[in-house]
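Here is the structure we will look at, set down as structure tokens.
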Amino acid sequence: MIMVRAIVRPEKADDVLAALMDAGFPAVTKYSVAGRGKQRGIKIGEVTYDEIPKTMLMSVVKATDKDFVIETIMDAARSSGKGAFGDGKIFVSDVGDVYTISSGVKESAEEEAAA
């Protein structure tokens with residue numbers, strides 16, 4: 001399994017959530033975050049905004065679905081056909097084990113590989 005963390009423009013978060021739902025990936029955690037990229041924030045007039053509001057969406061999916069999920073997020077998160085600075089980033093990391101709190105059931109990467 002893998003964890004996909006996507007940091008997107010707040011106004012695109014609902015588009016990404018809807019695209020993931022339509023694609024069959026409804027399980028997402030949503031956070032309001034703030035930060036800056038390589039452009040070091042933005043300057044409007046004399047005021048510099050060091051941290052810009054963003055939304056982080058986090059989902060754990062099967063490794064075999066990784067490329068599809070990433071494409072789905074990128075397509076929905078772009079602010080135009082070509083995209084623009086500030087559209088966001090996607091981070092992917094491996095997940096070793098997953099526990100369901102209510103049932104105590106453990107899923108592991110080895111079980112996914114055997115499936």
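The values are calculated or read from the model by the stated rules, or taken from the named source; none is laboratory data. The structure displayed is predicted, hence computed values, not measured ones. Using ideal geometry, Cβ is built from the backbone for each residue, glycine included, and neighbour counts are taken over all protein chains shown. SASA here: full protein model, heavy atoms, side chains in, ligands and nucleic acids out. Shrake-Rupley method; radii C 1.70, N 1.55, O 1.52, S 1.80 Å.
Between a first residue in the stretch 51-75 that is touching a residue at least 24 places away in the same chain (Cβ under 8 Å) and a second residue that is open to solvent by 90 Å² or more (accessible area, probe 1.4 Å) and not in a strand (DSSP E or B), which pairs have beta carbons less than 7 Å apart while being 6 or more apart in sequence or on different chains? Hits for this filter: Ile52/Arg36. Scanning the stretch 85-110 for residues that are under 19 Å from Val33 (Cβ atoms), surrounded by 10 or more Cβ atoms within 10 Å (Cβ to Cβ) and among the small types (Gly, Ala, Ser) turns up Gly86, Gly88. Condition first: of a type in the set (Gly, Ala, Ser), modelled with pLDDT of 90 or more and out of contact with any strand residue (DSSP E or B) (no Cβ under 8 Å at 6 or more places or on another chain). Now tell me which residues in the stretch 72-113 satisfy that. Hits for the stretch 72-113 are Ala76, Ser102, Ser103, Gly104. Restricted to the stretch 12-54, the set of strands (runs of 3 or more DSSP E) holding at least 2 residues that are touching an Asp or Glu at 6+ places or on another chain (Cβ under 7 Å) comprises 29-35. Can you tell me which of (1) without any contact (Cβ under 8 Å) to a residue 40 or more places away in the chain; (2) under 16 Å from Ser79 (Cα atoms); (3) under 12 Å from the mean Cα position of the chain (by Cα) is the one Lys12 doesn't meet? Every listed condition holds for Lys12 apart from (1). Considering only the stretch 51-73, state which residues are in contact with a Gly (Cβ under 8 Å, 6 or more places away or on another chain) and open to solvent by less than 80 Å² (accessible area, probe 1.4 Å). Within the stretch 51-73, Ile52, Lys54 meet the criteria. Examine the stretch 54-71 for a residue that is in contact with a Pro (Cβ under 8 Å, 6 or more places away or on another chain), of a type in the set (Val, Ile, Thr) and at pLDDT 95 or above, and state whether such a residue exists. Scanning the stretch 54-71, I find at least one residue that is in contact with a Pro (Cβ under 8 Å, 6 or more places away or on another chain), of a type in the set (Val, Ile, Thr) and at pLDDT 95 or above, so the answer is yes. Taking the stretch 21-32 on its own, how many of its residues are under 26 Å from Tyr49 (Cβ atoms) and either at pLDDT below 95 or out of contact with any strand residue (DSSP E or B) (no Cβ under 9 Å at 6 or more places or on another chain) (or both)? Qualifying residue count for the region: 0.
Of the residues Arg9, Arg40, only one is farther than 30 Å from Lys106 by Cβ and either open to solvent by 80 Å² or more (accessible area, probe 1.4 Å) or aliphatic (A, V, I, L, M) (or both); which?
Exactly one of Arg9, Arg40 is farther than 30 Å from Lys106 by Cβ and either open to solvent by 80 Å² or more (accessible area, probe 1.4 Å) or aliphatic (A, V, I, L, M) (or both), namely Arg40.
Of all residue pairs spaced 6 or more apart or on separate chains, none has beta-carbon atoms under 8 Å together with a first member in the stretch 15-34 that is closer than 14 Å to Asp65 by Cβ and a second member that is among the charged types (D, E, K, R) and in a strand (DSSP E or B).
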